[in-house]
Every structure is written in structure tokens, then in C-alpha cells.
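Participant: Here it is, the structure in full.
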Amino acid sequence: MATNNIVVLGAGVSGLTTAYLLSQDPANKITVLAKHMPGDYDVEYASPWAGANYMPVGKEGSPHQAWERATWPALKEITEKYPEAGIHFRGSVIYNRKKDQETATGDWFSELVRPNPWYKDVVPDFKTTPTEELAPGIDNAQEFTSVCINTAVYLPWLVGQCVKNGAVFQRAVLKHIADAAYAHHTGLKADLIINCTGLSAKTLGGVLDEKMYPARGQIVVVRNDPGPMVSVSGTDDGEDEALYIMTRAAGGGTILGGSYQKHNWDGLPDMNLANRIMKRCIKVCPSLVKEGQGIEGLDIVRHGVGLRPLREGGVRIGKDKVDGVAIVHNYGHGGFGYQASFGCAYATISLAKELLRAKSRAKL
Ligand code: FAD
């Protein structure tokens, strides 16, 4: 059997999902190489900070929509078949205020909150809230069943699946993408590199993608469990502040968010923002605390900040060649890296197969 020596650079959700699928083919010998691995918390590593849930935001007709559409069945299957992966189904309520439309947060959520969205046929139990039941200030609302992923369980689960399929994990910090070709665990030169370096694609030699920029997301993790997940199109506290609540599977706590601060690289929590996040979450979802309580009723696990790896023009999934090394890029997933993870990995693998086929033809 011909073998393909592949290095996946990056162990966030993009790299791990791609490696997980690639490793299911015994012809692929995979090394996952990364500076940060599941278990690490670092502002350069977005994946552990995510909520994470499935709240589609891809515009109708776009590749982004196709990736999110393709990801739901995979997340659903993992949720049903592998409870140890740390994902559960969770009810979800979405509130739209038309006045948020022009804000950074409103723009990000525009597809999610619009009435009659494309994803109504994808997620289970989609239901529009009757107008007469809407709270003052809310223009439309909908409910559906989504998932919430405990990233502290799910990312190690993906590592375990890859290891079970023979993939080898190694820590390294690369200065140049082409160096990855010489880091395959067999000692042989890799046939292909999959680049899943997220925001660091901006500074990685051989890539230096100037289109990459962060959208800073601040969160509070609490032990309180309010019930269904909630997302709102915006807040009255600032145009780049956000309001969402999600309770993770398997004891992962509840994530209170947030913010969507473009071009802000600050990795430290801002305690004023944290106060605003907690106050508005309680206002929209009083069941977070006992009756009559304010933020003193929240049992805080930690404050956190992650940088969503955004890219002008959208995700980069494409073939490349740098210093004679074949590469497929899969980075720039902004605030949707989990909910588009399988769709993006399928697209990446289809390009990887084209390159590997061309390589084996050239060898004949
Ligand atoms: P990362 O997780 O950043 O991983 C990059 C990897 O590349 C790391 O392993 C890193 O060490 C490695 N790397 C980079 N440079 C090098 C180098 N030079 N050498 C070696 N290794 C290198 N998405 C959702 O779908 N749903 C949500 O609910 C959601 N909520 C979010 C909430 C917050 C607060 C934040 C911050 C993000 C959220 N996201 C959500 C977005 C999601 O987290 C990201 O899109 C996703 O994690 C990006 O994953 P990635 O694998 O591309 O990048």
C-alpha cells in the first residue's frame, strides 16, 4: 500500500478535525505538530476558549454556509454515539433587535438572528416565537436544539481518536511553514503539509498572511446552570460587546459572553467588561441566579480571553507550494471554527487528495 506522509501543523479544532478525518485512512501517516496542545490555555491558542456551540452565521449561498451545513450531521453523530466526546444537545433561544444591525456584533450575528434563516432545515426543533410573546425591544426570536461542546473534553477526545488511528503528536514552534516538511515522525520528508495555524498564519514564515486579524472574545465561566442557551444580536453597552450564554456538557460550566473586539490583541480580562457581561446575562436570563440576586449570585470559575482568528475575505482553504513543499491551508475561522470544523476539514482533505494523487502520478 502506498503511504502518504502528512504533517498537520496546528492542534486547535481545525488541525485536530482534519487530522481525525485523515487518520481514518490507514494510507495516511500523520504527524500533528503544534506549539500548543489541548490542555494549554494561551491567548495565541483560540480553541480552548470557545463556548462552543453551533450557531450558524454563514451567509446563504456562501462556502461558509456549506461548511456549517456539512458540520451539523458530524457533530450530531458524535453527540449521539460518543458521549465521552463532551458534547450535548441543548435548547437554544435567539433574540434579534433590529437596532443592532450596523454594529460589529450585529453584523457577525446577522444570519443567525434573521427570521426564516437557512439553517431552520438543518437543526432540530426550529420554531419562531409568536410576535405577541416577544419581550419589549425584541423584534423577532427563534428557538432550536443546538449542541454545546465542552472544549476541555472534546479537544483531548479528538487527540485520542487520532492517536488510536496511529497519528503521532509532537510539540514544536516553527518559524517557517516549509520546515514542517522535515518534521514528520518517520524522519522522511513529508509529502504534504496541512496548515491549521489560526491567527499565527499572520506571522508564520512562508505564509505571512496580512489579512489575518483578531476579534477579541472575553468570557466568564461560572458554575451556575440557567437552562437553555441564549444569544442576542447585540447589547446597549457597546457596539463590539456581545451577549450569549451556553452551558457546556459534562460539568464544563456555563460560558457567559462576551465581546467581538476587532483588531484588539489584549489577552488580559478587562474587569469592567466582565461586570457588564455578568450583569447583562442575568438581566436577559434571570434563572442564572437565585431570585433577587445580582452578580454576587454567580459562582465564578475563571475569567478568560480568546482571540478569534478572523480573515478579511474569509477562511483560507486552498492549495499552495512554498520552497517546493506542497501545502493545503485551512485557517481563518473567526468565531465559527467548531461549527464549520467538519465542513472545512472535508474541503481541505479533498484538496489534499488532489495533491497526493498528482504526486503519485509524478512518481510513476
Ligand atoms: P487555534 O485553536 O488557534 O489553533 C492554532 C494551532 O496552531 C495551535 O495548536 C498553535 O499552537 C498552532 N501554531 C500556530 N503557529 C504555530 C507555529 N509557528 N508552530 C507550531 N504551531 C503553531 N467557534 C464556534 O464554532 N462556536 C463557538 O461557540 C465559538 N465561541 C468562541 C468563543 C470565544 C471567546 C472565542 C475566542 C472563539 C470562539 N469560537 C467559536 C471560534 C473558535 O474558537 C475558533 O474559530 C477556532 O478555535 C480556531 O481554531 P484553529 O484550530 O483554527 O486555531
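Participant: So if I check each of Gly337, Gly304, which one is within 30 Å of Glu80 (Cα to Cα), within 11 Å of the ligand (Cβ to nearest atom), surrounded by fewer than 23 Cβ atoms within 10 Å (Cβ to Cβ) and within 19 Å of the chain's Cα centre (by Cα)? Steps first, please.
Facilitator: On the way: Gly337 fails: surrounded by fewer than 23 Cβ atoms within 10 Å (Cβ to Cβ).
Of Gly337, Gly304, the one residue that is within 30 Å of Glu80 (Cα to Cα), within 11 Å of the ligand (Cβ to nearest atom), surrounded by fewer than 23 Cβ atoms within 10 Å (Cβ to Cβ) and within 19 Å of the chain's Cα centre (by Cα) is Gly304.
Participant: Shifting gears a bit: Going by what's in this entry, would His185 be described as surrounded by fewer than 21 Cβ atoms within 10 Å (Cβ to Cβ), modelled with pLDDT of 95 or more and in contact with a Gly (Cβ under 7 Å, 6 or more places away or on another chain)? Full working, then the answer.
Facilitator: Values: surrounded by fewer than 21 Cβ atoms within 10 Å (Cβ to Cβ): yes; modelled with pLDDT of 95 or more: yes; in contact with a Gly (Cβ under 7 Å, 6 or more places away or on another chain): no.
So His185 fails the test.
Participant: Hey, another quick one. Could you tell me whether any residue of segment 60-79 is among the charged types (D, E, K, R), out of contact with any Pro (no Cβ under 7 Å at 6 or more places or on another chain) and under 30 Å from Asp266 (Cβ atoms)?
Facilitator: no
Participant: From the residues in segment 193-211 that are outside any loop (DSSP other than H, G, I, E, B) and polar (S, T, N, Q), which one is nearest to Tyr346 (Cα to Cα)? Write out each step before concluding.
Facilitator: Residues of segment 193-211 that are outside any loop (DSSP other than H, G, I, E, B), as a first pass: 193-195, 198-202, 205.
Right, trim to polar (S, T, N, Q) and you get 195, 200.
Numbers: Asn195: 14, Ser200: 22 Å.
Selected residue: Asn195.
Participant: While we're looking at this one, here's another question. All but one of (1) within 17 Å of Ser14 (Cα to Cα); (2) touching a residue at least 24 places away in the same chain (Cβ under 8 Å); (3) charged (D, E, K, R) hold for Arg90, so report the exception by its number.
Facilitator: Among (1) within 17 Å of Ser14 (Cα to Cα); (2) touching a residue at least 24 places away in the same chain (Cβ under 8 Å); (3) charged (D, E, K, R), Arg90 violates only (1).
Participant: Here is a follow-up. Which of the residues that make up segment 208-237 are near the ligand (Cβ under 9 Å from one of its atoms) and farther than 17 Å from Ile295 by Cβ?
Facilitator: Pro214, Ala215, Arg216, Gly217
Participant: For segment 42-63, how many residues meet the condition of being surrounded by 22 or more Cβ atoms within 10 Å (Cβ to Cβ), more than 6 Å from the ligand (Cβ to nearest atom) and hydroxyl-bearing (Ser, Thr, Tyr)?
Facilitator: So the count comes out to 1.
Residue-by-condition table, conditions (1) in contact with a Cys (Cβ under 9 Å, 6 or more places away or on another chain); (2) surrounded by fewer than 13 Cβ atoms within 10 Å (Cβ to Cβ); (3) among the basic types (Lys, Arg); (4) under 23 Å from Lys262 (Cβ atoms):
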{"site": "Thr79", "(1), (2), (3), (4)": "no, no, no, no"}
{"site": "Phe89", "(1), (2), (3), (4)": "yes, no, no, no"}
{"site": "Ser92", "(1), (2), (3), (4)": "yes, no, no, no"}
{"site": "Asp100", "(1), (2), (3), (4)": "no, no, no, yes"}
{"site": "Gly106", "(1), (2), (3), (4)": "no, no, no, yes"}
{"site": "Glu111", "(1), (2), (3), (4)": "no, no, no, yes"}
{"site": "Arg114", "(1), (2), (3), (4)": "no, no, yes, yes"}
{"site": "Tyr119", "(1), (2), (3), (4)": "no, no, no, no"}
{"site": "Pro124", "(1), (2), (3), (4)": "no, yes, no, no"}
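Participant: Now for a different question. Quick check: anything in segment 53-72 outside any loop (DSSP other than H, G, I, E, B) and among the aliphatic types (A, V, I, L, M)? Spell out the reasoning first.
Facilitator: Taking segment 53-72 and keeping what is outside any loop (DSSP other than H, G, I, E, B), we get 53, 63-72.
When the remaining residues are screened for being among the aliphatic types (A, V, I, L, M), the result is 66, 70.
Yes, there is a match, as at least one residue in segment 53-72 is outside any loop (DSSP other than H, G, I, E, B) and among the aliphatic types (A, V, I, L, M).
Participant: Oh, and also: Determine which single condition Lys99 fails, assuming it passes every other condition in (1) more than 30 Å from Asn264 (Cβ to Cβ); (2) in a helix (DSSP H, G or I); (3) more than 16 Å from the ligand (Cβ to nearest atom).
Facilitator: Every condition holds for Lys99 apart from (1).
Participant: All but one of (1) farther than 25 Å from Gly58 by Cβ; (2) out of contact with any Phe, Trp or Tyr (no Cβ under 7 Å at 6 or more places or on another chain) hold for Gly304; state the number of the condition that does not hold.
Facilitator: All conditions are met except number (2).
Participant: Same structure, new question: Only one of Ala70, Ala66, Ala2, Ala74 is more than 10 Å from the ligand (Cβ to nearest atom), at pLDDT 95 or above and farther than 25 Å from Ala249 by Cβ. Can you tell me which?
Facilitator: The match here is Ala66.
Participant: Of the residues Gly39, Gly15, which single one is in a loop (DSSP other than H, G, I, E, B), within 12 Å of the ligand (Cβ to nearest atom) and in contact (Cβ under 8 Å) with a residue 60 or more places away in the chain?
Facilitator: Going through Gly39, Gly15 in turn, the sole match is Gly39.
Participant: Same structure, new question: Hey, can you tell me all the residues within segment 18-36 that are of a type in the set (Lys, Arg), part of a loop (DSSP other than H, G, I, E, B) and more than 9 Å from the ligand (Cβ to nearest atom)?
Facilitator: Selection gives nothing.
Participant: Could you list, ordered by first residue, the pairs with Cβ atoms under 6 Å in which the first is in segment 195-214 and without any contact (Cβ under 8 Å) to a residue 60 or more places away in the chain and the second is near the ligand (Cβ under 10 Å from one of its atoms) and not β-branched (Val, Ile, Thr), at least 6 apart or interchain?
Facilitator: Gly205/Lys175; Gly205/His176
The values are calculated or read from the model by the stated rules, or taken from the named source; none is laboratory data. For clarity, every value in this text was computed on a predicted model and none was experimentally measured. For neighbour counting, all protein chains shown are included, and Cβ atoms are generated from backbone atoms with ideal geometry for every residue, glycine included.
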